[in-house]
Amino acid sequence: MSDLVRIYEVGPRDGLQNEAVALPTDAKVRYIELLLAAGLREIEATSFVSPKAIPQLADADALVPRLSEVPGSAGARFPVLVPNLRGMERAEAAGAQALAVFTAATDAFTERNIGMTVAASLDAFAPVLRRATELGWWRRGYVSTAFGCPYTGAVAAERAVDVALRLLDLGVDEVCFGDTIGVGVPSQVAVLTGTAVAAGIPLDRIAFHFHDTRGTALANVSAGLDAGVRCFDSAAGGTGGCPYAPGAAGNLATEDLVYFLDASGWEHGVDLDRVLEAARFAAAALGKPLTTKVGQAGGWDASTGAPTSRA
Ligand code: COA
Ligand code: ZN
């Protein structure tokens, strides 16, 4: 099993979609530039959803054409969220080359989030994923509420895996299990991964998306690593959450994840100091203090015992 971990940055999309302040496009471009400078190579950039649903990301059509001009963008992947063919047309026109579709393990959540049942959402994604496959785009499928639903409670691993299998049948390259409301614990991560693998899903097609709502995100990453998963989502500055998931605190912060991976000896290609620059930039742009753990404490220099890169 490889020691190389992929850090999939969701700050510009999942991070910004639930913030009170909508950042100007220029600030988003700068945020992405700082993330690239930190070594992040997969950055979920925005959503081509209804601008009424997510006004914070209504400038997707203007943002995406600028991404190829951002220093450091060569070879990076900028997936965009696409809910339907209308979104696909917009994404294509803007020059996107990678996408994510998003459904959930529970109907109650998808009905609030995208106005359809899980089955209907899969029907809606089928032509989107067909088109993306024709175009040779990289494709991810999210299974939100994989660890628990804000409306219906506990979710069985089999249910989340069943949805993941259907996304894979529709042609996604990777499935990402989301702990949308941050209720999951390490034992669940182990069970979910085991259930997915037993159902025939290869480990290198599985990613996890943890929220730190109840302080379990890094413990869950650790359990994911133990189970053989090598791709984890995070947002520099720990911003965001889903507007349709009441009580969902921010995403796992990229700086917290990078510190944890560095100190544990995993390779990932991302520089902590520079992630902190991006995190500080995002916090300042949003007019908020940086409240992530490493953002407040800094990293730690093992040779001197001194904190480093304090925000
Ligand atoms: N881009 C832009 N506008 C879109 C769109 C898209 N991809 N899809 C739909 N719309 C517009 C329609 O044109 C329509 O506009 P109108 O009211 O001016 O006529 C309106 O949105 C409603 O369209 P409809 O097809 O009836 O869809 P809906 O109201 O059932 O909404 C979604 C379905 C999926 C488009 C909408 O719920 C959505 O965008 N949700 C985003 C959820 C999200 O991003 N959550 C966070 C991620 S976890
Ligand atoms: Zn999230």
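At a glance:
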quantity: Gaussian network model of the chain, Cα within-10 Å springs - most flexible of Val82, Val191, Val175; calculated: Val191
quantity: Percentage relative contact order, the stretch 6-297, counting C-alpha pairs under 8 Å, at least six apart; calculated: 20
quantity: Cα centroid of the stretch 164-180 to Cα centroid of the stretch 267-311, whole Å; calculated: 31
quantity: Total formal charge among the other residues, if their Cβ is under 14 angstrom from that of Pro202, Lys/Arg +1 and Asp/Glu -1; calculated: -1
quantity: Helix-only [θ]222 nm of the chain, DSSP H runs n ≥ 4, -39500 (n - 2.57) each, per residue, nearest 500; calculated: -11500 deg cm²/dmol
quantity: Accessible-area composition of the stretch 6-297, carbon plus sulfur, in percent [1.4 Å probe]; calculated: 52
quantity: The chain: most fluctuating residue of Val172, Val185, Val221 per GNM, C-alpha cutoff 10 Å; calculated: Val185
quantity: Candidates per trypsin sites (Lys or Arg not before Pro) in the stretch 15-123, loop by DSSP, up to 13 other Cβ within 10 Å; calculated: Lys52
quantity: Label point distance in nm, Ala93-Gln296, each placed 7 Å from Cα along Cα→Cβ; calculated: 4.5
quantity: Tensor-based shape of the stretch 100-215 (alpha-carbon gyration tensor, a/c under 1.5 rounded, otherwise prolate or oblate); calculated: oblate
quantity: Accessible solvent surface per residue of the stretch 6-297, calculated while the other protein chains remain in place, 1.4 angstrom probe, Å²; calculated: 36
quantity: DSSP-defined antiparallel bridges as percent of all bridges, the chain, nearest 5; calculated: 15
quantity: Net charge over other residues, Cβ less than 15 angstrom from the Cβ of Gly182 (K, R count +1; D, E count -1); calculated: -3
quantity: Linear extension gain, Ala108 paired with Asp59, 0.36 nm per residue minus alpha-carbon span; calculated: 14.8 nm
quantity: Stretchable slack from Leu85 to Glu134, in nm (0.36 nm times residue separation minus alpha-carbon distance); calculated: 16.2 nm
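The values are calculated or read from the model by the stated rules, or taken from the named source; none is laboratory data. In this text the structure is predicted, and so the values were computed from the model without any measurement. Don't worry about glycine lacking a Cβ; one is built from the backbone with ideal geometry, like all the others, and counts go over all protein chains shown. These accessible areas exclude ligands, DNA and RNA; they are computed on the full protein's heavy atoms, side chains included. Shrake-Rupley method; radii C 1.70, N 1.55, O 1.52, S 1.80 Å.
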